1. Only one of Ala185, Ala198, Ala174, Ala181 is part of a loop (DSSP other than H, G, I, E, B) and at pLDDT 95 or above; which?
2. Can we say Glu78 is more than 23 Å from Ala231 (Cβ to Cβ), of a type outside the set (A, V, I, L, M) and assigned to a strand (DSSP E or B)?
3. Please tell me if Glu136 is crowded, with 18+ Cβ neighbours inside 10 Å, at pLDDT 95 or above, of a type in the set (D, E, K, R) and not assigned by TED's automatic domain parsing to the domain that holds Asn300.
4. Could you list, in sequence order, all residues of region 24-49 that are of a type in the set (A, V, I, L, M), in contact (Cβ under 8 Å) with a residue 24 or more places away in the chain and more than 12 Å from Phe343 (Cα to Cα)?
5. Being touching a strand residue (DSSP E or B) at 6+ places or on another chain (Cβ under 9 Å), in contact (Cβ under 8 Å) with a residue 40 or more places away in the chain and either charged (D, E, K, R) or surrounded by fewer than 19 Cβ atoms within 10 Å (Cβ to Cβ) (or both) narrows it down to one of Leu19, Leu52, Leu73, Leu87, so name that one.
6. Taking into account only those residues within region 284-332 that are of a type in the set (Gly, Ala, Ser) and at positive phi, which is surrounded by the fewest Cβ atoms within 10 Å (Cβ to Cβ)?
7. Kindly indicate which of Asn292, Asn300 is farther than 20 Å from Ser40 by Cβ and without any contact (Cβ under 8 Å) to a residue 40 or more places away in the chain.
8. Identify all residues within region 86-144 that are among the β-branched types (Val, Ile, Thr) and in a loop (DSSP other than H, G, I, E, B); write none if there are none.
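The values are calculated or read from the model by the stated rules, or taken from the named source; none is laboratory data. Just so you know, these numbers come straight off a predicted model, no measurement behind them. Cβ: placed from backbone, ideal geometry, glycine included. Neighbour counts: every protein chain shown.
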Amino acid sequence: MTPDLLKLASYDYPLPKELIAQHPTAERRESRLMHVQRKSAIVQHRKFSDILQLLNAGDVLVINSSKVFPARLFATKENGSTIEVLLLHQIEEQLWKCMVSPGKRLKTAQWLQFSDSLRAYVSPGDSEGLREIRFESDLPFWDEIYRIGHIPLPPYIVRNDNVLDHERYQTVYAKELGSVAAPTAGLHFDAELIKALANKGIIIAEVVLHVGIGTFRPVKADIITDHVMHAELATISESSARQIQLAKDEHRRVVCVGTTSARSVESFWSDGIMQSGSKWTDIFIYPGVDFNVVDAMITNFHLPQSTLLMMISALGGYELIMHAYSEAISNRYRFFSYGDAMFIED
């Protein structure tokens, strides 16, 4: 790897604001798909439903079945002003890690009132600005969260969440609550496409990585190896680990849907063995770091200077990925969470 690839500036690119998708497509599979082939350095323009032809019988398709919840809440402070709270990680039934909106002052621990039935005591922030918040509710806790909470759309979607987001900022296979941001590469799959893939003989293996605050934190270090990843909780079942292990042993492809699935499987690989269980992972993959498990990846188009762009540059090769991004801009692809997709393979 050349020294320039350790520089944050190497992962910048100019993106017209109008290419940042503000809404999902009418149908999930209507997104476009850029097909990037590493060995030939060929870039082709397809539709996402073509993934059915691009995947082979025997491929293991790794999906992240973490579920987004309405983690964005608004509360009244003791002085009567309003503050925004983002729930991040559940510690106990009604005890959470959270953060308050940037720029909002909350100097002291105090009670916050979220609704007539829901209140909470929030602690002072730690060195990272994270706080503990303990809820008290007169009604079932989750019923109240779903009644008053908002889908935590990323900041580059410059609108309020709506009813459609509750369905579309969620994969069709989401199961386990815990993410504050969707594993967006999976948003392109509808139930019919998942069924068609299974009927073709593609093996679907589920992992769970709860997407946390790291998604919202930019890389600030000029040299990327100085960046510290925020840990996220990942889980791989014994059955999924066996499916992935068998694929590697038999030289069949492991295709990850999204960077979260890729982080999960790479975190659980140890000395040629696919482990199972749950653990916090802060793995950081960038050019020069080898993939042990992932053979191909379905992913969205990522923010400039992001760890996600660095990861796919490690998989596809920096020059080819930056060329592909230039092609995407020239061809008016839609970027980020509600945008189009890319398939990187040999």
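1. Values: Ala185 fails: part of a loop (DSSP other than H, G, I, E, B); Ala198 fails: part of a loop (DSSP other than H, G, I, E, B); Ala181 fails: at pLDDT 95 or above.
Exactly one of Ala185, Ala198, Ala174, Ala181 is part of a loop (DSSP other than H, G, I, E, B) and at pLDDT 95 or above, namely Ala174.
2. On the way: more than 23 Å from Ala231 (Cβ to Cβ): yes; of a type outside the set (A, V, I, L, M): yes; assigned to a strand (DSSP E or B): no.
No; evaluated as a whole, the condition is false for this residue.
3. Details: crowded, with 18+ Cβ neighbours inside 10 Å: no; at pLDDT 95 or above: yes; of a type in the set (D, E, K, R): yes; not assigned by TED's automatic domain parsing to the domain that holds Asn300: yes.
When the stated conditions are applied, Glu136 does not pass them.
4. So the first thing to find is which residues in region 24-49 are of a type in the set (A, V, I, L, M), and the list is 26, 33-34, 36, 41-43.
Cutting the leftovers down to in contact (Cβ under 8 Å) with a residue 24 or more places away in the chain gives us 33-34, 36, 41, 43.
Listed by number, the list holds a single entry, Ala41.
5. Details: Leu52 fails: touching a strand residue (DSSP E or B) at 6+ places or on another chain (Cβ under 9 Å); Leu73 fails: either charged (D, E, K, R) or surrounded by fewer than 19 Cβ atoms within 10 Å (Cβ to Cβ) (or both); Leu87 fails: either charged (D, E, K, R) or surrounded by fewer than 19 Cβ atoms within 10 Å (Cβ to Cβ) (or both).
Of the residues listed, the single one that is touching a strand residue (DSSP E or B) at 6+ places or on another chain (Cβ under 9 Å), in contact (Cβ under 8 Å) with a residue 40 or more places away in the chain and either charged (D, E, K, R) or surrounded by fewer than 19 Cβ atoms within 10 Å (Cβ to Cβ) (or both) is Leu19.
6. Here is the first cut: in region 284-332, the residues of a type in the set (Gly, Ala, Ser) are 288, 296, 306, 313-314, 316-317, 324, 326, 328, 330.
Those still in the list that are at positive phi too: 288, 317.
On the way: Gly288: 14, Gly317: 17.
The extreme case among them is Gly288.
7. Values: Asn300 fails: without any contact (Cβ under 8 Å) to a residue 40 or more places away in the chain.
After ruling out the rest, the residue left standing is Asn292.
8. Filtering region 86-144 for residues among the β-branched types (Val, Ile, Thr) gives 91, 100, 108, 122, 133.
Result: Thr108, single match.
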